[in-house]
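Trainee: The following block contains the structure, expressed as structure tokens.
Coordinate-derived values only; no laboratory data. Here the structure is a predicted model, which means the values were calculated and not measured. For neighbour counting, all protein chains shown are included, and Cβ atoms are generated from backbone atoms with ideal geometry for every residue, glycine included.
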Amino acid sequence: MREHPHPMPDTADPSAADAPAVEREPLDLQIGPHRLGAEWVRPAGAAAGKAPIVFLHEGLGSIAQWTGRAPDGELIDFPARLAQATGRDAFLYDRLGFGRSDPLPADRQPDYLYREAWDTLPEVLNAAGIARAILFGHSDGASIALLFAARYPDRTEAVISEAAHVFIEEVTLEGIRQARAAYDAPDSKLKAAMARYHGDKADTTFRNWADVWLDPAFASFDMTAELPFVRCPALAIQGERDKYGTEAQLDAIAQGVSRSVKTWPVPDCGHVPHLQAHKRVLPKTAGVLNALI
């Protein structure tokens, strides 16, 4: 379903031969009454004391979906590759309602991105023993990363924002309408993919995402007023052919963030640069992180 707003790439066993050699530590986090699935990815020779890279998945994503097939068919375990390239541990988790985490106890509300960033993510970092982090967020996850950095500057070393939504665009809503139609279609490949990653939570996971974005109460979503409070180094990237957001998102981030922010419209790339353009995104991202003092 590469043509939907929050794609779910073909994911294979990340321990396959073409994946980087890393140590993986799956774990469960207890956040209040809820269990969240999580995973540490530790490259050989990682430097002690460096802030880990915390990966925040997209709107229909999970830990497993950070690994997928590039357009040429190569299996890309992006978190492991970035961890190795930077000598930093990586930490991934499934937000509530996704992947290995518990189901949502109630319908998601229009302020869910703020609640994930300002309430849940601090608890997740505390439970994982992470005092300060580099945040790598994709789509919804990138919005969450920027919101967290704005509210918790002392805990954020840097942000990599990939295809963030900082305000509503009609192109995004149209993509979600198309995704809903694809999900409801007979023999839906999207529905099958959702079940593969989210099990019996798939219907609820999809409906809670699509329904919130298409709710009239969400139409006023605009987090640009929070961007001036982001004071850490930031790299904002977006595919030039992203069908679910325009470069106006990059412009808003560049204009809003207080500290100098690098923006990069990735040529010949859609909504998932870390897979679709990994040969360019990996060294660019690693370069930014390796330059941190």
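Trainee: Assuming a ≥ b ≥ c are the square roots of the Cα gyration tensor eigenvalues, decide whether the stretch 41-134 counts as rounded (a/c under 1.5), prolate (otherwise, with a/b larger than b/c) or oblate.
Mentor: Oblate, because a/c is 1.5 or more while a/b does not exceed b/c.
Trainee: If I build a Gaussian network model for the chain, linking alpha-carbon pairs within less than 10 angstrom, which residue out of SER260, SER62, SER143 has the largest mean-square fluctuation?
Mentor: SER260
Trainee: Expressed as a fraction of 2.2 N^0.38 Å, the rule-of-thumb size for a compact globular protein of N residues, what is the C-alpha radius of gyration of the chain?
Mentor: Compactness ratio reported: 0.91.
Trainee: Could you run the Karplus curve 6.51 cos²θ - 1.76 cosθ + 1.60 with θ = phi - 60° over the stretch 109-115 and give me ³J(HN,Hα) per residue in whole Hz, x for Gly and Pro?
Mentor: Values per residue, Gly and Pro as x: 9, x, 9, 5, 5, 5, 5 Hz.
Trainee: Percent of Cα-Cα pairs per 5 Å bin, from 0 to the last occupied bin, for the stretch 228-283, please list those.
Mentor: Pair shares across the bins are 5, 21, 27, 20, 17, 9, 0.
Trainee: To make sure I understand, if each residue's beta carbon is the centre and we count other beta carbons within 10 Å, what order do ASP187, ASP242 fall in, fewest to most?
Mentor: ASP187, ASP242
Trainee: If you don't mind, there's one more thing I want to ask. Can you compute the FRET efficiency between HIS34 and ASP222 using 1/(1 + (r/R0)^6), with r the Cβ-Cβ distance and R0 = 35 Å? Round to the nearest 0.05.
Mentor: Efficiency, from the Cβ-Cβ distance: 0.75.
Trainee: Treat every Asp and Glu Cβ in the chain as -1 and every Lys and Arg Cβ as +1, leave all other atoms uncharged, and give the resulting dipole magnitude about the Cα centre to the nearest 20 debye.
Mentor: The dipole magnitude comes to about 680 debye.
Trainee: My understanding is that a pair violates if its Cα-Cα distance is over 21 Å; which of LYS262/LYS284; LYS201/LYS243; LYS191/LYS279 do that in this structure?
Mentor: Those over the limit are LYS201/LYS243; LYS191/LYS279.
Trainee: Modelling each spin label as a point 7 Å along the Cα-to-Cβ direction, I'd like the THR204/ASN126 distance in nm, to one decimal.
Mentor: Label at THR204, label at ASN126, 2.5 nm between them.
Trainee: Also: Cut-off 16 Å, label point 7 angstrom out along Cα-to-Cβ of ARG241: give me the residues of the stretch 68-110 whose amide nitrogen falls inside.
Mentor: It comes to 70-73, nothing else.
Trainee: Only counting other Cβ atoms within 10 Å, I'd like VAL159, VAL124 sorted with the fewest neighbours first.
Mentor: VAL124, VAL159
Trainee: Let me ask something else. Tell me the mean residue ellipticity at 222 nm calculated for the chain from its helices only (DSSP H runs of n ≥ 4, each -39500 (n - 2.57), averaged over every residue, nearest 500).
Mentor: Calculated mean residue ellipticity at 222 nm is -9500 deg cm²/dmol.
Trainee: Using modelled backbone amide H atoms (1.01 Å from N, in-plane), which distant-in-sequence or interchain residues come within less than 5 Å of ARG100's amide H?
Mentor: It is GLY37, ILE63, by chain and number.
Trainee: If you don't mind, another one. State, to one decimal in nm, how far the label point of LYS279 lies from the label point of GLU170, with both points 7 Å from Cα in the Cβ direction.
Mentor: Going by the 7 Å Cα→Cβ label model, 3.8 nm.
Trainee: To continue, here is another question. Counting DSSP beta bridges in the chain, what percent are antiparallel, to the nearest 5?
Mentor: 45
Trainee: If you don't mind, there's one more thing I want to ask. Using 0.36 nm per residue, how much length does the chain from LYS50 to ALA182 gain when fully extended, once their Cα-Cα distance is taken away?
Mentor: 43.2 nm
Trainee: Averaged over all directions, how much area does the convex hull of the C-alpha atoms of the stretch 186-264 cover when projected, in nm²?
Mentor: For the Cα atoms of the stretch 186-264, the hull's average projected area reads 7.5 nm².
Trainee: Alpha carbon centre of the stretch 78-128 versus the stretch 196-221: separation in Å?
Mentor: First find each Cα centre; the distance between them is then 17 Å.
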